[in-house]
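Right, one structure below, let's go through it.
The values are calculated or read from the model by the stated rules, or taken from the named source; none is laboratory data. Only a predicted model underlies this, so the values are computations on that prediction, with no experimental measurement involved. Keep in mind that these areas ignore ligands, DNA and RNA; they rest on the heavy atoms of the full protein, side chains included. Shrake-Rupley method; radii C 1.70, N 1.55, O 1.52, S 1.80 Å.
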Amino acid sequence: MRYIDLNSSLESHITTLRISIAVLVLINFSLWFGWNGAKNDLRIHIPPDIRSGAILQADEISSPNVYTFAGYIFQQLNHWASNGEEDYGMQIFNTAPYLTPEFREYLINDLDIRGKKGELSGRTRVMQPVAGQGYEERRVDQLDADTWIVWIDYNISESVRGMEIKNVPVRYPIRIVRYNVDPETNPWGLALDGFGGSGPKRLTKADLDASSQDLAVTP
């Protein structure tokens, strides 16, 4: 009887060990599955002013970052160093990862129309931010979690074969959308999606001298 009881106890202990091993294997598999499915890279948008500290979450985009992105890409797109007939198309190609397909198609169509009219041959374009009209909170209008309208004032200077033909300040309501398509070519995760409201507006001296502007736009 003692032998039988001892054998039964051992079998029960072995069964318990087998169950414990199975549970551990299941836990390890769950941990491996979770680790394998986790993101290898996280995109963190750090605001420019963190003197007071900042609580950051992955993929949370602050207004200053959206404004900076819009200004940088749009300025690159409109920089025609020597000949708009070649430079405009080249800049569309260079900034393509930062443009939505719809806006890229709009720009290509604009390039085609201007080219047929002979407006680009020998034409240069430089855009610089208007002095004193830099970033303010009111210049970034967040429409939803993935869409913004950014209001940027640029001074446009254009020349044809060395002769200046345009030098005017313009306010651009640039539409920005979240665009997580290819992190390798677009680490920002944002893209230009055209213009908001009624589009660009030429500014008068009164506009620039006014202490407050109504920048609101209807999407």
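Quick notes
- In a fully extended conformation the segment linking MET90 and ARG114 would gain 7.2 nm over its present Cα-Cα distance, using 0.36 nm per residue.
- Debye intensity ratio in log₁₀ form over the Cα atoms of region 111-163, taken at each q of 0.26, 0.29 Å⁻¹: -0.95, -1.06
- Rounded to whole Hz, the Karplus (6.51, -1.76, 1.60) HN-Hα couplings of region 88-96, x for glycine and proline: 4, x, 5, 6, 4, 5, 5, 9, 3
- Cα-based radius of gyration for region 69-178, normalised by 2.2 N^0.38 Å, reads 1.12.
- Protein accessible area in region 99-219, 1.4 Å probe - carbon and sulfur %: 49 percent
- The accessible-area ordering, largest first, of the residues MET127, MET163 stands as MET163, MET127, per a 1.4 angstrom probe.
- Alpha-carbon centroids, region 117-139 and region 186-208: separation in whole Å: 10 Å
- Counting only protein heavy atoms and a 1.4 Å probe, region 104-219 has 56 square angstrom of accessible area per residue.
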